[in-house]
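The values are calculated or read from the model by the stated rules, or taken from the named source; none is laboratory data. Small disclaimer: the values here were computed from a predicted structure and weren't measured. We place every Cβ from the backbone using ideal geometry, glycine too, and count neighbours over all the protein chains shown. The area values use the complete protein model at the heavy-atom level, side chains included, leaving out ligands, DNA and RNA. Shrake-Rupley method; radii C 1.70, N 1.55, O 1.52, S 1.80 Å.
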Amino acid sequence: MPETVTLVDNTTGKSHDFPVSSGTLGPKVIDIRSLYAETGMFTYDPGFTSTASCDSSITYIDGDEGVLLHRGYAIEDLASNCSFLEVAYLLLEGELPDNAQMETFEKTITYHTMLHEQLMGFYRGFRRDAHPMAIMCGVVGALSAFYHDSTDITDQKQRLIASHRMIAKMPTLAAMAYKYSIGQPFMYPRNDLNYAENFLHMTFAVPAEDYKINPVLAKAMDRIFILHADHEQNASTSTVRLAGSSGANPFACIAAGIASLWGPAHGGANEAVLKMLAEIGHVDNVGEFINRAKDRDDPFRLMGFGHRVYKHYDPRATVMRESCHEVLGELGIENDPLLALAMELERIALEDEYFVEKKLYPNVDFYSGIILKAMGFPTSMFTVLFAVARTVGWVAQWNEMIEDPMQKIGRPRQLYSGAVQRDFTALKDRG
Ligand code: SDX
């Protein structure tokens, strides 16, 4: 007997049965695809807090237990034992690569890191003080103007090339956005460096001298990429899926994801955390800002705290916290005042009954900003780095959406609360 739930419409007395489906983990779903046809009603779920938009096998999150799995592997295991490209392969292909697969994948990505030379000119159209995320929205969308041979989404080979190009070129595009903002020359990628090393090289090296890669910083960079790689159906991933559902080319879809990630409630939070810490300024002011965060009439929120899904510690924040101490220790700035302020803010918030009652814990963005600042990135680049890492998740989710036989163009409906039909009055008669 298939499991169902029954909806009783009190106005008509009719009852409607809807099938219940179970995944391998997590909440069951009520399949309401026939709801409108059967009842003439829609569901209402702004923010999609109770809505599953798709059937996915890529990432699983248990917000109450603080669990994050990528294709069944715990984020803690992946962050401790894998490289970012190993995790990228896992997200894309569904299995961890063997040595031969890893070597091939790494070489494929490496040989796609260069950009069409004319894209350099695209950057020069921006003002030097343009926000790097604004540049990223523009240049990533422009990739579809350069790579026509990988925009046919019905061709699996083209989808794979576009996927590899996106993953490979994001660090190059991001580093160029930074170089352009500080008036330094672009640095070309180097094929003898791994993904994170290459990104640090393109970002911080200058033609005038050799750049020495700090292995501790390169490892931290790689781990930060892993921690930001994918996260189920978050706002930017849902944006990529919705854009892709219309058949838009992959570069345009990723550009849409970048735009969504930019928001301070989402990927822009890491930049907002640093701005918030600067505004708090000193440990003595923490109490005042905690009170402001609790005041419903005050729009101030504790950036880096809270999460739609995690109602317990964000497992990524735990790993990020460890990396933070490693990096600051390596750089000899363990007494960084910003970190001290962040630690005190975390301690007070975790003890405060408001935050405990509302289950507001530090999320992945709380510590990432402190590490990135210590590594030399300006705050305006923080969300760009998030976008570099999340491109792997966006691309994996986009491919899954395209290959899903159940997928159709995303087209939500609405609860209409506007004017009922009324007679038209011509302008000349409107006084
Ligand atoms: C990311 O979805 C993802 O997976 C995202 C992400 C990913 O990897 O893709 O994990 C990355 O975006 C992490 C989140 C980064 N954002 C921030 O740190 C910004 C600060 N956080 C908040 O804006 C908020 O917590 C959200 C947006 C993250 C989650 O908001 P929800 O789940 O919609 O919760 P809510 O806004 O309804 O808040 C519930 C209550 C509210 O109080 P009441 O109206 O019930 O009285 O908690 C309060 C909120 O006012 N609250 C906060 C708070 N976050 C929520 N109060 C103070 N400070 C906060 N940070």
>> Just to be sure I understand the filter: pairs with C-beta atoms under 9 Å, separated by 6 or more residues or on different chains, first member in the stretch 18-34 and in a strand (DSSP E or B), second member of a type in the set (Phe, Trp, Tyr). Which pairs pass?
In response: ILE30/PHE18
> With respect to the numbered conditions (1) in contact with a Ser or Thr (Cβ under 7 Å, 6 or more places away or on another chain); (2) not in a helix (DSSP H, G or I), which one is the sole condition not fulfilled by ASN270?
Replying inline: (2)
>> Quick check on my filter: what residues within the stretch 153-196 are of a type in the set (D, E, K, R) and touching a residue at least 24 places away in the same chain (Cβ under 8 Å)?
In response: ARG159, ARG165, LYS169, LYS179
>> Just the residues that are open to solvent by 80 Å² or more (accessible area, probe 1.4 Å) and either in contact with a strand residue (DSSP E or B) (Cβ under 6 Å, 6 or more places away or on another chain) or under 30 Å from ARG71 (Cα atoms) (or both), please, taken from the stretch 1-21.
In response: PRO2, GLU3, THR6, VAL8, ASP17
>> Can you list the helices (runs of 4 or more DSSP H) lying wholly within the stretch 347-419 that have 1 or more residues being open to solvent by 50 Å² or more (accessible area, probe 1.4 Å), within 16 Å of the ligand (Cβ to nearest atom) and farther than 20 Å from ALA265 by Cβ?
In response: 353-357
> Given ALA243, ALA220, which one is without any contact (Cβ under 8 Å) to a residue 60 or more places away in the chain, touching a Cys at 6+ places or on another chain (Cβ under 9 Å) and surrounded by 21 or more Cβ atoms within 10 Å (Cβ to Cβ)?
Replying inline: ALA243
>> For the list (1) open to solvent by 90 Å² or more (accessible area, probe 1.4 Å); (2) at pLDDT 95 or above; (3) not hydrophobic (A, V, I, L, M, F, W, C), I need the number of the one condition that GLY431 fails.
In response: (2)
> Hey, which of the helices (runs of 4 or more DSSP H) in the stretch 162-247, taking only ones fully inside, have at least 3 residues that are farther than 30 Å from TYR60 by Cβ and more than 16 Å from the ligand (Cβ to nearest atom)?
Replying inline: 195-204, 215-227
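Yes/no per residue for (1) open to solvent by 20 Å² or more (accessible area, probe 1.4 Å); (2) of a type in the set (Val, Ile, Thr); (3) over 21 Å from the mean Cα position of the chain (by Cα); (4) modelled with pLDDT under 95:
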site: THR108; (1), (2), (3), (4): yes, yes, yes, no
site: MET114; (1), (2), (3), (4): yes, no, yes, no
site: LEU119; (1), (2), (3), (4): no, no, yes, yes
site: ALA134; (1), (2), (3), (4): yes, no, no, no
site: VAL139; (1), (2), (3), (4): no, yes, no, no
site: ALA145; (1), (2), (3), (4): yes, no, yes, yes
site: SER150; (1), (2), (3), (4): no, no, yes, yes
site: MET170; (1), (2), (3), (4): no, no, no, no
site: MET176; (1), (2), (3), (4): no, no, no, no
